[in-house]
Amino acid sequence: MSSFSRHPIGRLIVAGLLASVSAPVLGQTPAAPVPGDQAATIADLQRQIDELKAMVAALQGAQSHRDTASAEAPAMASTAPEAVPNGEAAPVQLAASSTPASEPPLLQRRAQLGEPPEVLVPARADKPWYEKLVLRGYTQMRMNQIVTGPANAPEGISRLRTIGDGDVRDQSNFSFRRVRLILQGDLNDYVSLYLQPDFATAVSNQSAGERREGFGQLRDAYADVFPTGDKSFRVRLGQSKVPYGWENMQSSSNRLALDRTDAINSAAPGERDLGIVAYYTPDPVRRIWDRLAKDGQKLFGNYGAFGLGVFNGQGLNRTERNDSVMTVALATWPFELGGLGLDGQVFEIGGSMIRNRVSPELRSGGISPVSFADNRTAVHAILYPQPIGLQAEWNWGTGPEFDVATGRIEERPLQGGYVQAMGRVRQSPVGPFYPFARWQYYRGGFKAAINAPRLETEELELGLEFLPTPPLEITLTYGWASRKEADERRFGQAEGQLLRVQAQWNY
């Protein structure tokens, strides 16, 4: 009886019995005990206690049965052989002791039909899609300083400026170049999503021409569809990167140099457009890229060894202005050089092309009613730094360009590219670091600026990126530049030197 009295249910029952027996006695005048009556009372109490102990034992057995059924439910769900629509696992059977009126309608219906007291509980073999999403991002804070050269100039004369960073100017100190927040994840085996806004966009003409910063702008918003259920082939729907140029495809969070080169980036300013693109990555290529990524190499991202897409063609976040589409194709292939005695070294080579018609923005206002051919072909080659590497791209083509002699936009030839040498030091007192040197050249129009002005760019840049801790990257560059400002009203070359520093933190 001692073990029974220690059980919570037993204590409640014993207390109730004692209360029911003692209450009448306390309410009456004490009387002399009657041995016969006491014996009968004790026997009756013992009988009730024995019955209650049997009830407690039955309740404990039922509770143990329910606990065992609950523990076995996940295993039963994971081994269910069938599936139901919408990607959910097949229902499994769990035991239940009763079906009260407050149970779900399915349980009430089974009770009304007189079916056994097993109930169907839907279960999932994997996580719901909203638990698979990942939130990450990065921020770039910069300081640009024009050391020598025309930080400012009279009207009609080019100032030292870049098309990659609007804060290379006079009277500038600190600025945010990018503030990115990325939401991505698999909805199921066949569909994934990617959403990326940028909160470091500047907007002009807010107050008498004053520029305001820190606006949010959509960069990426697409869904990847995997028709075969694996990741080797995907169809990308929405606003995403235009597969032209290795440097354009590479994320700014991975690139060594602070800005993309004028020659390659002028093909797709902002790197993105709205459309549909298909990518295919054979398994041998995927294995090489996965190994390089694990090794910490700065890749361009798995956009596919082959890509083919159609886009609006007017540019990032710009309204489409004609019925034609921009057609883009990309091919790239990495080769392992272990057979040449260069263990771990990889050489990648490829090319891309664009066929498009575009309507530039006019100085007089609005958009050109005439669309111009915007056709290019590019080649690229990369020797990944282990510990020394090389990277180069060049492109040729035709695009819109303002002709000063005629005062009109015309289709003119263009060409340019870059060559970059880089190294990789894995360990040092300041952490891993990457020294690099890049030379770039471009002659041609810039369709993203008003009136598609001509650019004449030649620049040599030396830089160093180091990682004092994995979430933080510090990049310092010093450059010698000769540039024509992206404004058809300004003439001549602006020559000077630039000191630039960037802090990037990844989260």
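What follows draws every value from the coordinates through simple rules; no lab data is involved. As the structure is a computational prediction, the values presented were derived from the model and not from experiment. A quick note on method: Cβ atoms are made from the backbone with ideal geometry, for glycine too, and the neighbour counts reach across all protein chains shown.
The order of THR469, THR281, THR148, going from fewest to most other C-beta atoms within 10 Å of their C-beta, is THR469, THR148, THR281.
In summary, the aspartates and glutamates within cross-link reach of LYS484, defined as a Cα separation below 16 angstrom excluding same-chain residues under 8 places away, comprise GLU155, ASP165, ASP262, GLU401, ASP403, GLU456, GLU458, GLU459, GLU495.
Quick check on my link table: of LYS127/LYS298; LYS231/LYS294; LYS127/LYS241; LYS127/LYS294; LYS132/LYS298; LYS241/LYS447, which ones sit more than 22 Å apart, alpha carbon to alpha carbon?
LYS127/LYS298; LYS127/LYS241; LYS127/LYS294; LYS132/LYS298
Add +1 for every Lys or Arg and -1 for every Asp or Glu among the other residues with Cβ under 13 Å from the Cβ of LEU187, and state the total. Neighbour charge sum, excluding LEU187 itself: -3.
So if the hydrodynamic radius of region 239-396 is defined as the Kirkwood radius over C-alpha pairs, what does Stokes-Einstein give as its diffusion coefficient at 4 °C and 1.567 mPa s, in µm² per second? List each step's numbers first, then the result.
Working: Rh = 16.7 Å.
In µm²/s, the coefficient rounds to 78.
Under the criterion of Cα pairs below 8 Å and six or more residues apart, the relative contact order for region 129-506 equals 15 percent.
Applying 0.36 nm per residue to the separation of SER232 and ALA503 and subtracting their alpha-carbon distance, the gain on full extension is 94.1 nm.
Semi-axes of the equivalent ellipsoid for region 129-506, computed as √(5λ) from the eigenvalues of its C-alpha gyration tensor and ordered from largest down, come to 32, 26, 21 Å.
Within region 210-263, the GluC sites (Glu not before Pro) that combine a DSSP coil assignment with at most 16 other C-beta atoms in a 10 angstrom radius are GLU210.
For region 258-272, putting each phi into the Karplus relation 6.51 cos²θ - 1.76 cosθ + 1.60 with θ = phi - 60° gives couplings of 5, 10, 6, 6, 4, 5, 7, 6, 5, 6, 8, x, x, 6, 10 Hz, in residue order, rounded to whole numbers and with x for Gly and Pro. Computed from point charges on the beta carbon alone (+1 for Lys and Arg, -1 for Asp and Glu), the dipole magnitude for region 129-506 about its Cα centre is near 260 Debye.
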